[in-house]
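The values are calculated or read from the model by the stated rules, or taken from the named source; none is laboratory data. Every value quoted in this text rests on a predicted model; they were computed, and no experiment measured them. Neighbour counts are summed over all protein chains in view; Cβ atoms, including those assigned to glycine, are modelled from backbone coordinates with ideal geometry. Remember, those area values only see protein heavy atoms, side chains included, never the ligands or the DNA or RNA. Shrake-Rupley method; radii C 1.70, N 1.55, O 1.52, S 1.80 Å.
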Amino acid sequence: MTIIDGKQTAEEYKAALKQEVKEFVAKGKRPPCLAILLIGNNGASETYVANKLKTCHDVGFSASLYRFENTVSENEVLTCINELNFNSNVDGIIVQSPFPNHISPQKINEAIHPAKDVDGFHPMNAGRLQQNKPCYISATPKGIMQLIEKYKIETQGKHCVVVGRSNIVGMPMSILLSRNSKPGNCTVTICHSKTVDLASFTKRADILIAAIGSPELITADMIKEGAVVFDVGITRVADKTAKSGYRLKGDINCDEAAPKSSYITPVPGGVGPMTIIGLLQNTLLAAKNAIYN
Ligand code: NAD
């Protein structure tokens, strides 16, 4: 059994990105620039945004943070996005989720110009992904594909079960693994909240990807012997013994599932660190006008 080290892999990709940025700037270009919009003061969002800003800085990007109160109007956020769309010094725009209830994620995602949509959430990028055309691939699935490549995991002909059908993780993941490419060529089953008898599907997975957000929902008895297991879920679970007052839990009980798996990602330190890499790679592509030109 191999524990997939997302942290180490992310460090390697980070070094490569830093070098690429150096070469880009040496050609007289300005450093890639990511604009991050943050609404409210959700603790997890604050942490994610701080990590994104730090990693931008580490690889030589410039990044700017636009903070809004929880009570900000949808129009105000849309106006900010529109200004950033026209700002030629900005390459990528992301809005950290979750949003307050009065702000429509769909409207926000569609307001970002597809050429600056480095999260890959705009319907234009989602549609192009489905048609196997150049696009910004949502960062988490992109990161998982890079882990698959790095660990030389065979995907062709395998049965992959993706649990979760969100536009951010589950759906793009299922498209990437089913398309005719390497890695790819899996037979993919998508499970979701209305799936009856989830275990009957997960037990048949050569590759299992859990993107649910329900701590340790998937137990060892639901996993096939020798399966490759990616745990995307991250949930803060209260724990008085932890300094922060909480622990991060995945969707899978890793300790129990690991002995049965051939490869498994831990939480934290598995998929998470690669998500930021995917985002930064997309931003560099945007700075190079590599997708839309
Ligand atoms: P989401 O809430 O949009 O989607 C969750 C999906 O899980 C839904 O499609 C739903 O149908 C499915 N689901 C819910 N209960 C289920 C059940 N009992 N059985 C089967 N399926 C069920 O969430 P998301 O944005 O896709 O994120 C999923 C998890 O991944 C969350 O914990 C999130 O924090 C985490 N996440 C982690 C990273 C990372 O970098 N590691 C990135 C994005 C999301």
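General observations
- Close pairs from the range 182-202: first under 11 Å from VAL161 (Cα atoms), partner modelled with pLDDT under 95 and assigned to a helix (DSSP H, G or I), Cβ under 8 Å, at least 6 apart: none
- Checking each residue in the range 13-28 for being touching a residue at least 40 places away in the same chain (Cβ under 8 Å) and under 30 Å from PRO268 (Cα atoms) picks out TYR13, LYS14, LEU17, LYS18, GLU20, VAL21.
- The range 124-161 - residue that is of a type in the set (Lys, Arg) and out of contact with any strand residue (DSSP E or B) (no Cβ under 9 Å at 6 or more places or on another chain) and, of those, nearest to MET173 (Cα to Cα): LYS142
- Condition check for ILE137: aliphatic (A, V, I, L, M), under 25 Å from GLY270 (Cα atoms), open to solvent by 20 Å² or more (accessible area, probe 1.4 Å) and within 16 Å of the ligand (Cβ to nearest atom): yes
- Checked against the criterion of being within 21 Å of the chain's Cα centre (by Cα) and exposed (fewer than 14 other Cβ atoms within 10 Å of the Cβ), the candidates LYS54, LYS14, LYS22 yield just one match: LYS54.
- Across the range 262-275, the qualifying residues are those that are of a type in the set (Val, Ile, Thr) and open to solvent by 30 Å² or more (accessible area, probe 1.4 Å), and the one among them that is farthest from ILE168 (Cα to Cα) is VAL267.
- Failed item in (1) under 18 Å from the mean Cα position of the chain (by Cα); (2) away from the ligand (no atom under 16 Å from the Cβ); (3) part of a loop (DSSP other than H, G, I, E, B), with ILE93 passing the rest: (3)
- Filtering the range 61-112 to residues that are touching a Phe, Trp or Tyr at 6+ places or on another chain (Cβ under 8 Å), open to solvent by 30 Å² or more (accessible area, probe 1.4 Å) and not charged (D, E, K, R) leaves PRO105, ASN109.
- Residues being within 17 Å of PRO105 (Cβ to Cβ) and either more than 16 Å from the ligand (Cβ to nearest atom) or free of Cβ contacts under 8 Å to residues at least 40 places away in the same chain (or both) - total across the range 39-65: 2
- Some residue of the range 277-288 being modelled with pLDDT of 95 or more and surrounded by fewer than 19 Cβ atoms within 10 Å (Cβ to Cβ): yes
- Answer from VAL118, VAL162 - the residue that is under 18 Å from GLY213 (Cβ atoms) and buried (at least 16 other Cβ atoms within 10 Å of the Cβ): VAL162
- Members of the range 13-52 found to be assigned to a strand (DSSP E or B) and either in contact with a Lys or Arg (Cβ under 7 Å, 6 or more places away or on another chain) or of a type in the set (A, V, I, L, M) (or both), listed by number: LEU34, ALA35, ILE36, LEU37, LEU38, ILE39
- Members of the range 165-187 found to be surrounded by 17 or more Cβ atoms within 10 Å (Cβ to Cβ), within 14 Å of the ligand (Cβ to nearest atom) and among the small types (Gly, Ala, Ser), listed by number: GLY170, SER174
- Scanning the range 140-159 for residues that are open to solvent by 10 Å² or more (accessible area, probe 1.4 Å), within 28 Å of PRO98 (Cα to Cα) and out of contact with any Gly (no Cβ under 6 Å at 6 or more places or on another chain) yields a count of 3.
- Any hit, the range 209-216, residues being touching a Leu at 6+ places or on another chain (Cβ under 8 Å) and of a type in the set (S, T, N, Q): no
- Filtered by the rule that a residue be part of a loop (DSSP other than H, G, I, E, B) and either under 12 Å from the mean Cα position of the chain (by Cα) or in contact (Cβ under 8 Å) with a residue 40 or more places away in the chain (or both), the range 124-149 gives ASN132, PRO134, CYS135, TYR136, ILE137, SER138.
- Every residue from the range 247-257 that is under 17 Å from MET1 (Cα atoms) and open to solvent by 10 Å² or more (accessible area, probe 1.4 Å): ASN253, CYS254, ASP255, GLU256
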